[in-house]
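Asker: Please find one structure pasted underneath; my questions will follow.
The values are calculated or read from the model by the stated rules, or taken from the named source; none is laboratory data. Just so you know, these numbers come straight off a predicted model, no measurement behind them. Virtual Cβ from ideal backbone geometry, glycine too; neighbours counted across all protein chains shown. We work out accessible area using only protein heavy atoms, side chains counted, and drop any ligands, DNA or RNA first. Shrake-Rupley method; radii C 1.70, N 1.55, O 1.52, S 1.80 Å.
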Amino acid sequence: MSDIWQRSFYIVLVIVITALLWMIFGAVNALVFCSFSLLWMVFHHVRHLVALERWLRVSDHTPASIPAGSGAWDDVFAHLARYVRQHSQSQELLSLALERMQRVTSAMPDGIVILDENNRIEWCNPVAEQHLGINLALDAGQQITYLVRQIPFVEYLAARKYSNPLILKQTRQQGIIVSLQLVPYGYKQKLLISRDITRFENLETMRRDFIANVSHELRTPLTVIGGFLETLSADEPVNADFNKRALALMSEQTARMQRLVEDLLILSRLENEQNKVNEKTVNVASLLQNILQDAESLSGGRHHIKLNIATQDQLLGSEEELRSAFANLVSNAIRYTPDGGEISIHWETQDGRGLFFVQDSGIGIEPEHIPRLTERFYRVDSSRSRETGGTGLGLAIVKHVLNRHQARLEIISRAGKGSRFNIWFPARRMIQ
Ligand code: ADP
């Protein structure tokens, strides 16, 4: 009520003065006064309206830029200033929240794309740009299917059954495998979550290959043993010669399976990261003397084997694991060197680092095989490997042992000319 009286104060004043003038000076003077007063009031309102219109049109809409007003306009502008202040505060809070959300989603290992109801890209984080080959600055507003064109994805999007993720092996980014999951939210909007599963898929492929390889390795000896057992258990008598040959072959195949299982157990122990290296000071010179004796018995005098110990430096590491790595390289040199060949085993230090190598004058290796030799079950010549008692796991074991000792394997070889396998140990593992 008081507000209405305040706002109407000037109008009431003009009416009262006009009435007094009418009574004292007559109607003409009173009407002249009244007209001028009304004109002044109209001018006052128009002036403020113009100021408001200009503020709405050209100003930066900050509270400071709101024009000053008088009379009733003072209140209007004060309210406007309060509203603008509150609005800019909530704007600030909103952009802070948005910035925080963008920072959080950018730090996420998963890609996130926001799609509108027509599957157009509204926003995506940098990880999604990388996974799906999107450039947000250029592609915002584009249909996602223009950029991720693979038929399985288009079908997945159309099927509207998003409970399971879709695995996409070929994206615009070469060499990465992504899993895509759509999550509907809000009003027909969708969140597309992408995850790089290349490592996981590769591990899965490795696991499948590994199981297939182990089964394949076990099948041949088991078939041989099974065949002989069937013949021996048949009712017809077998001659003593056959009996002897069968038993010899069965024990050979059993030994082959035993070697395979032993190597598999060693590998699984080495691969288990929880098994820490049992660090001890290893006397390499005496370890190599032992390995030389085993090598000579394996060679049976068919090769000239030399051992050269150029340093008495010892090595910090696991004796058992190092023995396994060195012995594998030495046994390979014997197995892949024809009779009469030369094999040298060597231990020295170079610039503080330890160098162990085995050099042979054997069959050598074609360059294209060298990078793959440490893969499990990778063999250049499978039949030669098997004939000489190989499991295809020797160099994989060597690689794991060296990784656990921060050492590096170097293979230098020429087909027909022989091979040299160097192992470099870091200086911090050397003990004088
Ligand atoms: P394997 O039990 O078959 O010898 P390894 O893992 O020890 O398995 O070796 C992998 C392959 O590397 C072998 O099958 C062989 O083809 C090749 N290789 C290893 N050492 C030598 C060597 N000293 N000379 C020639 N080839 C070698």
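Asker: Averaged per residue, what accessible area in Å² does the chain show with a 1.4 Å probe, protein chains only?
Answerer: Working: 26440 Å² over 432 residues.
Per-residue accessible area for the chain comes out at 61 Å².
Asker: Counting only Cα, what are the radius of gyration and maximum Cα-Cα distance Dmax of the range 105-173, in Å?
Answerer: Computed over the Cα atoms of the range 105-173, radius of gyration and Dmax are 11.6, 31 Å.
Asker: May I ask you to give the percent of accessible area on the chain that is carbon plus sulfur, with a probe radius of 1.4 Å?
Answerer: On the way: 14990 of 26440 Å².
Of all accessible area on the chain, carbon and sulfur atoms account for 57 percent.
Asker: To continue, here is another question. Based on the Cβ-Cβ distance of H61 and K276, what FRET efficiency does E = 1/(1 + (r/R0)^6) give at R0 = 56 Å, to the nearest 0.05? Walk me through the numbers before you get to the answer.
Answerer: Values: r = 66 Å, r/R0 = 1.17.
So, using R0 = 56 Å, E works out to roughly 0.30.
Asker: To continue, here is another question. Quick one: if you stick a label point 7 Å off each Cα along the C-beta vector at R207 and V50, how many nm between them?
Answerer: For R207 paired with V50, the spin-label model returns 8.0 nm.
Asker: Note the full-extension length gain between L222 and T198 as 0.36 nm times their separation in residues minus their Cα-Cα distance, in nm to one decimal. List each step's numbers first, then the result.
Answerer: Details: separation 24, 0.36 × 24 = 8.64 nm, distance 3.58 nm.
Contour length minus Cα-Cα distance gives 5.1 nm.
Asker: For the chain, just say rounded, prolate or oblate: build the C-alpha gyration tensor, square-root its eigenvalues into a ≥ b ≥ c, call rounded for a/c under 1.5, and beyond that prolate if a/b exceeds b/c, oblate if not. Spell out each step's value before the answer.
Answerer: Values: a/c = 5.37, a/b = 3.19, b/c = 1.69.
Cα axes put the chain in the prolate bin.
Asker: Select from the chain the helices, each a whole stretch of DSSP H, whose alpha-carbon atoms run 27 Å or more along the helix axis and whose Kyte-Doolittle mean is at least 1.6; answer none if there are none. Display every interim value, and only then the final one.
Answerer: On the way: long enough: 2-25 (33 Å, 1.62); 27-58 (46 Å, 1.02); 72-107 (53 Å, -0.37); 198-233 (51 Å, -0.13); 240-271 (46 Å, -0.10).
The qualifying helices are 2-25.
Asker: Counting helices only, and only those DSSP H runs with n ≥ 4, report the 222 nm mean residue ellipticity of the chain as the sum of -39,500 (n - 2.57) divided by its residues, in deg cm²/dmol to the nearest 500.
Answerer: Values: 13 runs with 234 residues, N = 432.
Helix contribution divided over all residues of the chain: -18500 deg cm²/dmol.
Asker: Using the charge dipole of the chain (Lys, Arg: +1 at Cβ; Asp, Glu: -1 at Cβ; taken about the Cα centre), state which of H61, L287, I15 has its Cα farthest towards the positive end.
Answerer: Selected residue: I15.
Asker: In the structure shown, do any of K280/K306; K306/K399; K280/K417 have a Cα-Cα gap over 32 Å, and if so which? Numbers along the way, then the final one.
Answerer: On the way: K280/K306 27 Å; K306/K399 24 Å; K280/K417 37 Å.
Result: K280/K417 exceed 32 Å.
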